[in-house]
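Heads up: the structure comes next, in structure tokens.
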Amino acid sequence: MTKDWNLAYETGETPWDKGYASPPLCDFLKTHPVKGRVLVPGCGTGHDVRALAAQGAAVVGLDVAPSAVRMAQNFPAAGGERYVLGDFLNLDPCHTDAYDWLVEHTCLCALDPELRTAYARSVRQVLKPGGSFLAIFFREVPDYTGDGPPHPISREAIDALFGDDFSVIERRTPTKSYPSRPPRAEEVVWMRFSPYQEARRRLIQG
């Protein structure tokens, strides 16, 4: 069953919201500045959005939960960020080919696994040719029995979802994470969208 994300924010049942930006993302940003137009799907209350905006990116935080968007908007601005209500799996056309980067933190792993193909399709939709996809995935979830979220994803499944159109630039196991996350539970993957593959896709689609 799909989780009611808005109800979770309204009732304060948001254990994934630690009150500050993702440590793996902040660590990545120390050596890899993210510039240009950036989309953060499943942004929640916007901690990662503000971390990106603080270094000069023009960031759009997208979330399907109205309560999360309102909470995010109540934080002091860190830069040129804004927050938009919307479903990443059913995007408004204004997002098509609009972003230099897509940055996500376990957004894919929060979705039911059968929605992953739709998620990957939206990633391809929003990025400009040659754009970058930076993702923090759950590779492991302690005591996972098939219930979620979160739902772990294997490296093989990641490559199957994105390998046809993206080249992996870097992948790493974070050395810094939230204290509640077990070591080696996450993986940071930075991929670059192939302009050739994008051109081929457009040609096939007519």
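Below, the figures for the structure above:
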quantity	calculated
Check on LEU7, touching a His at 6+ places or on another chain (Cβ under 9 Å) and within 23 Å of LEU115 (Cβ to Cβ)	no
Among (1) of a type outside the set (Val, Ile, Thr); (2) at pLDDT 85 or above; (3) loosely packed, with under 13 Cβ neighbours inside 10 Å; (4) closer than 19 Å to PRO93 by Cα - the single one ALA199 does not satisfy	(2)
First in the stretch 80-103 and on the phi > 0 side of the Ramachandran plot, second anywhere and among the polar types (S, T, N, Q) and not in a strand (DSSP E or B), Cβ under 8 Å, 6 or more apart	ASP97/GLN125
Given (1) among the charged types (D, E, K, R); (2) more than 25 Å from LYS35 (Cα to Cα); (3) in contact with a Lys or Arg (Cβ under 9 Å, 6 or more places away or on another chain), index of the condition ASP100 fails	(2)
Qualifying residue in the stretch 136-154 (condition: in contact with a strand residue (DSSP E or B) (Cβ under 9 Å, 6 or more places away or on another chain), of a type in the set (A, V, I, L, M) and under 23 Å from HIS95 (Cα atoms))	yes
Which numbered condition ASP147 fails, given (1) touching a helix residue (DSSP H, G or I) at 6+ places or on another chain (Cβ under 9 Å); (2) at negative phi	(1)
Some residue of the stretch 60-80 being under 19 Å from ARG171 (Cα atoms) and buried (at least 19 other Cβ atoms within 10 Å of the Cβ)	no
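Every residue, every condition in (1) under 22 Å from GLU170 (Cα atoms); (2) free of Cβ contacts under 8 Å to residues at least 60 places away in the same chain; (3) surrounded by fewer than 23 Cβ atoms within 10 Å (Cβ to Cβ), yes or no:
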position: GLU10; (1), (2), (3): no, yes, yes
position: TRP16; (1), (2), (3): no, no, yes
position: SER22; (1), (2), (3): yes, no, no
position: LEU25; (1), (2), (3): yes, no, yes
position: LYS30; (1), (2), (3): yes, yes, yes
position: VAL34; (1), (2), (3): yes, no, yes
position: CYS43; (1), (2), (3): no, yes, no
position: ARG50; (1), (2), (3): no, yes, yes
position: GLN55; (1), (2), (3): yes, yes, yes
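The values are calculated or read from the model by the stated rules, or taken from the named source; none is laboratory data. These figures come from a predicted structure and were not determined experimentally. Neighbour counts are summed over all protein chains in view; Cβ atoms, including those assigned to glycine, are modelled from backbone coordinates with ideal geometry.
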